[in-house]
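A.B. asks: One structure follows; several queries about it will come next.
The values are calculated or read from the model by the stated rules, or taken from the named source; none is laboratory data. What you see is a predicted model, and the numbers here were worked out from it, not measured in a lab. For neighbour counting, all protein chains shown are included, and Cβ atoms are generated from backbone atoms with ideal geometry for every residue, glycine included. Heavy atoms of the whole protein, side chains included, go into the accessibility calculation; ligands, DNA and RNA do not. Shrake-Rupley method; radii C 1.70, N 1.55, O 1.52, S 1.80 Å.
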Amino acid sequence: MPPRLRRTTLLLLVACGAILAGPTLASAAEPGDVIVRFKAGTVASERADARSAADVVRQEPLPVSGMELVEPQPGTTTAEAVAELERSPDVLYAQPDTRRQMAATVSDFYFANGALWGLNKISAPAAWDTTTGAGVTVAVVDSGVDATHPDLAPNMWQNAGEVAGDGVDNDGNGYVDDLRGWDWAGTGVAGSAGDNDPRDENKHGTHVAGTLAAHGNDGGVVGVAWQARIMPLRVLDAAGGGYTSSLVKAYAYAQRNGARVVNASLSGPDYDRAEVDAMIAAPDVLFVVAAGNGGDDHIGDNNDVIDTNPADPNFQDSYPCEYELPNVLCVAATDSTDQLAGFSNYGARTVDLAAPGVDILSTRMAGGFVRMGGTSMATPHVAGAAALVLGGRPQLTPWQVGRALIGSVDAVPGLTAKTLSGGRLNAASALMAPVPDATLQPAAVEPGPPVAVPVADTTTTPAPTPTPTPTPAPSEPAPAPAPPGTPVATPAPAAPAPTPGPAQTPFAPAARVAVVDRIAPRLTITFSSRVALRTALAGRLRVRATTSERGAIRLTLRVDARTARRLRIATTIGSGTATLTRAGTASVTVRLTSTAKRALKRSRNVKVTLAGTATDLAGNRSAASGRLTLR
């Protein structure tokens, strides 16, 4: 029987015009399935005894060692089954099967007309000079994908190890005829859950997939990694909800079948040990996840502050964003002016970086395009950028890819103390960003749920970050003329701004306070105020950079927005990097992008800004900049 709904309320991370509310869930009295993980070395008879004592029956094994899904028998509630299982000395842990909710240079028409503003904001066209993500597979763990959409069909992943329609598990991965992913949640179009037809019944996954990897040069929209492969793994039903057991299966499927990145634009308020274990069991996968859209008031919450009142719907934790694992990257949402979206969660420790997530145009079910907003829409911008990084440097580990993305952001004042990086994604810079040696990667261990400890001494504890004022979405621009026969959905009218909920009580999260180094390195950059243009075009522009401690240096060369429009180039026109093993000075070569070279050959004098950042091994950053003229 399918899992039944339980009391846990969930965050809905997607919106069309306004952020939508989540569905109402069933009452707590109704029992649901349970995930149990037995200790290593437990034999079958001991597991059977534990199940019998808890009055549950085994439904199926889950793809993590010692983990299985069980069902309480009539008369036994979920809570009673969990409590009895955890009394067993053979059980590592037991938990309800928690429900998760969705988070909500090419010739393509909408890109050429400026409707895909997010791609220009993250410098995706400059990144395409190097890679478009070909050869990289990204799993979209969501509500499914409309594989027939003209902008998605060319990039749909196909399981080369399967033979169509023979009813045999040819590649031995446990799934029969899984040519294009799998469905663990569908109940409407393709019959019961557990089939090989992960088509979308909601719209969310199709929209996410388009931002991530819609195919380029075919007249519609284009994705960040427009030649990457989309692996649709359906875990959310038509209402946008799903269960941990489906996520565990989807994460294992992605790892087993070669996905390098998982886009998980979904969230729930509960720490989930089974989900953590499934992520640890997929060490070759980078999980790019959504920060969340606040509580029921849809005003962004501080994910660093641990929720101690689950009854308050306006202040909830957001998982998997808050899992502190080396292969998890959490994304907040910004608008077209680089302001943190009013609905977006944030956190200087738990949210890594931001990306465009307001008024995002992308693919919709049954063809055409639609605008949506939410951290769900920001997440695929970063997942697509991760695919671009892997397309250029496939040898990097998930942790190294994450460090490249975090360490190469464009610093944004409004994101200072709101994200770990303090900036918004820059895909082009990420391709060349230095990364730490893989041997420095933190161990992937189950951290345990964070514990909130009330702050006793407010004189020595910083005040909590106040709830940000909601940032209204920019007014809808006049739609660009569409190609003949191309439907574009009209966004729903915006809902009135909700009244903020009660102020959050400050808490000191005991499991997250250990910080060794908070001192940023000092950085000095030395260069001539006038440089021959031919020197820059030949790749011989050199800058002396001095830093006070070991770490990575990144230099970027930028023009102002007016010059960029005149020359039809991105504002970032070049970059260079260096890694210092000790305090000292390095000579950094700044190289122009190929697009900038072509444009600047027609220019005589161009004023540019040289900006530098230094990042130490603890992630502390400092910046320096100056102006120069290319003559």
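A.B. asks: For the range 324-337, what are the residues that are more than 13 Å from the chain's Cα centre (by Cα) and not in a strand (DSSP E or B)?
C.D. replies: Passing the criteria: 324, 325, 326, 335, 336, 337.
A.B. asks: Just need a number here: residues in the range 610-625 that are at pLDDT 85 or above and either in a loop (DSSP other than H, G, I, E, B) or under 26 Å from residue 131 (Cβ atoms) (or both).
C.D. replies: Count: 5.
A.B. asks: Then there is this: Please go through the range 529-566 and give me each residue that is open to solvent by 40 Å² or more (accessible area, probe 1.4 Å), out of contact with any Gly (no Cβ under 8 Å at 6 or more places or on another chain) and assigned to a strand (DSSP E or B), ordered by number.
C.D. replies: Result: 530, 542, 544, 558.
A.B. asks: Just to be sure, is residue 202 open to solvent by 50 Å² or more (accessible area, probe 1.4 Å), over 14 Å from residue 246 (Cα atoms) and among the polar types (S, T, N, Q)?
C.D. replies: No; evaluated as a whole, the condition is false for this residue.
A.B. asks: Also, quick follow-up: Which of the residues belonging to the range 264-305 are open to solvent by less than 10 Å² (accessible area, probe 1.4 Å) and farther than 20 Å from residue 379 by Cβ?
C.D. replies: Selection gives 274 alone.
A.B. asks: Filter the range 341-383 down to the residues that are in a strand (DSSP E or B), under 18 Å from the mean Cα position of the chain (by Cα) and surrounded by fewer than 24 Cβ atoms within 10 Å (Cβ to Cβ) and list them by number.
C.D. replies: none
A.B. asks: Which condition number in (1) open to solvent by 10 Å² or more (accessible area, probe 1.4 Å); (2) under 14 Å from the mean Cα position of the chain (by Cα) is the one that residue 392 fails?
C.D. replies: The one condition residue 392 does not meet is (2).
A.B. asks: Sticking with this one: Does residue 432 satisfy being in contact with a strand residue (DSSP E or B) (Cβ under 6 Å, 6 or more places away or on another chain) and surrounded by 24 or more Cβ atoms within 10 Å (Cβ to Cβ)?
C.D. replies: For residue 432, the condition - in contact with a strand residue (DSSP E or B) (Cβ under 6 Å, 6 or more places away or on another chain) and surrounded by 24 or more Cβ atoms within 10 Å (Cβ to Cβ) - is not met.
A.B. asks: I would also like to ask the following. Can you name the condition, by its number, that residue 219 falls short on among (1) under 25 Å from residue 277 (Cα atoms); (2) among the small types (Gly, Ala, Ser); (3) out of contact with any strand residue (DSSP E or B) (no Cβ under 9 Å at 6 or more places or on another chain)?
C.D. replies: With (1) under 25 Å from residue 277 (Cα atoms); (2) among the small types (Gly, Ala, Ser); (3) out of contact with any strand residue (DSSP E or B) (no Cβ under 9 Å at 6 or more places or on another chain) applied to residue 219, the lone miss is (1).
A.B. asks: Those residues that are modelled with pLDDT of 90 or more and closer than 22 Å to residue 218 by Cβ, I need them from the range 72-123; list them, please.
C.D. replies: The answer is 116, 117, 118, 119, 120, 122.
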